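The values are calculated or read from the model by the stated rules, or taken from the named source; none is laboratory data. Owing to the predicted nature of the structure, the values given are computational and were not obtained by experimental measurement. Quick reminder, even Gly has a Cβ in these numbers, built from the backbone with ideal geometry, and neighbours come from all protein chains shown.
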Amino acid sequence: MLSLGSMSQPSTEHPTLVAAEAAPRLVSQIERVFFGKPEVIRMVITCFMARGHLLIEDVPGVGKTTLARALARSAGGAFRRIQFTSDLLPSDILGVTVYDQDSGEFRFKRGPIFANVVLADEINRATPRTQSALLEAMSEGQVSAEDETRNLPEPFMVVATQNPQEQYGTYPLPESQMDRFLLRIRIGYPDEASEGRIVAGGRRAVDPEQLEGVVRPAEIAALQERADEVRVDPSLIQYAMRVVGETRQSHALALGVSTRGAMAWVQAARAWALLDGRTYCVPDDLKTLALPALAHRVVLSSHHESVGKTRTESERLIGEILSRVQVPD
């Protein structure tokens, strides 16, 4: 058994029990510095357990960096932050070969992508060429640089942020990039009591460096494998396929949910169920994760762009589809 703020050898208990215990430990630890948002923390942990990547669209100053750093610290992993700017190069992310004068040889200097949790801050401020440097890492868990392929550490997760209110000097993420994110969420402002704790405590109250690991990266990796084994009834797969099919047939959408998106939605539901201590999914798992997993994967048709190609509109359309498709008993 692991206790809060301490490390132990990997547990030999049943994997489902380990998952059910790991979730509240991680939530409790992250809540020490990220106040009043347990549902957001659960989404982040679900994404991590599903081998996914997270896109946070929100205004500055709501704790995006704190959340990502707290996740890495609590999971006992390495954290790196990359500030995306218009002059950032792919080599600034992946790494570069340098000449070592001491050895007289060239060696590869790894970039910040080689970490367990990578914060891609303001990702839409980088050029499309630099954004695309993340595609292989997010899809394959590896990077190709200097004519060589290198594996990234496990577990590996990209937490990207962007401010939806700012357009000047930004490059919208292409559909191929958006499709690599398992979930897209908002954090939102904390409630009055939680915000009061933050203001009263100052920087010390929200410093993730005070956190210790409550699980090991190897345990997270093992639990990711267990998530693959969570059972999804054929009726739930059929339900998911009907929802996905509706997005492709909707006149309001120029681009529906991809096969990768459908797989991501179901995988997220598996992780969500595992964190509840279940070895099977229920309809509510899919319904809870439908908007975070699907809304960013669709593209509005031209006659809906006048309404605004916004997150709100895509979520509304997905919500309408969910209300039409019958949920299995």
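Key figures for this structure:
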| item | result |
| --- | --- |
| Near pairs, Cβ below 8 angstrom, 6+ apart or cross-chain, from segment 310-329 (touching a residue at least 24 places away in the same chain (Cβ under 8 Å) and over 18 Å from residue 239 (Cα atoms)) to any residue that is of a type in the set (Lys, Arg) and surrounded by 15 or more Cβ atoms within 10 Å (Cβ to Cβ) | 311/184 |
| Tabulated pairs, segment 162-187, first within 14 Å of residue 84 (Cα to Cα) and at pLDDT below 90, second surrounded by fewer than 20 Cβ atoms within 10 Å (Cβ to Cβ) and hydrophobic (A, V, I, L, M, F, W, C), C-beta under 7 angstrom, 6+ apart or interchain | 163/59 |
| Flag for residue 280 being among the aromatic types (Phe, Trp, Tyr), in the same structural domain as residue 302 (by TED's automatic domain parsing), farther than 19 Å from residue 71 by Cβ and surrounded by fewer than 15 Cβ atoms within 10 Å (Cβ to Cβ) | yes |
| Strands (runs of 3 or more DSSP E) contained in segment 101-165 and holding at least 1 residues crowded, with 19+ Cβ neighbours inside 10 Å and in the same structural domain as residue 186 (by TED's automatic domain parsing) | 117-121, 142-145, 157-162 |
| Subset of segment 260-286 that is more than 18 Å from the chain's Cα centre (by Cα) and at pLDDT 95 or above - its residue that is farthest from residue 240 (Cα to Cα) | 280 |
| Among residues of segment 188-200, those that are loosely packed, with under 13 Cβ neighbours inside 10 Å, in contact (Cβ under 8 Å) with a residue 40 or more places away in the chain and either part of a helix (DSSP H, G or I) or touching a helix residue (DSSP H, G or I) at 6+ places or on another chain (Cβ under 6 Å) (or both), counted | 1 |
| Which listed residue, of 236, 253, 223, is at pLDDT below 95 and assigned by TED's automatic domain parsing to the domain that holds residue 302 | 253 |
| Qualifying helices (runs of 4 or more DSSP H) (wholly inside segment 222-309; at least 1 residues being in contact with a strand residue (DSSP E or B) (Cβ under 6 Å, 6 or more places away or on another chain) and under 22 Å from residue 46 (Cα atoms)) | 283-294 |
| Test: residue in segment 103-121 that is modelled with pLDDT under 85 and under 21 Å from residue 295 (Cα atoms) | no |
| Members of segment 223-257 that are touching a residue at least 40 places away in the same chain (Cβ under 8 Å), surrounded by fewer than 18 Cβ atoms within 10 Å (Cβ to Cβ) and under 30 Å from residue 76 (Cα atoms) | 228, 229, 231 |
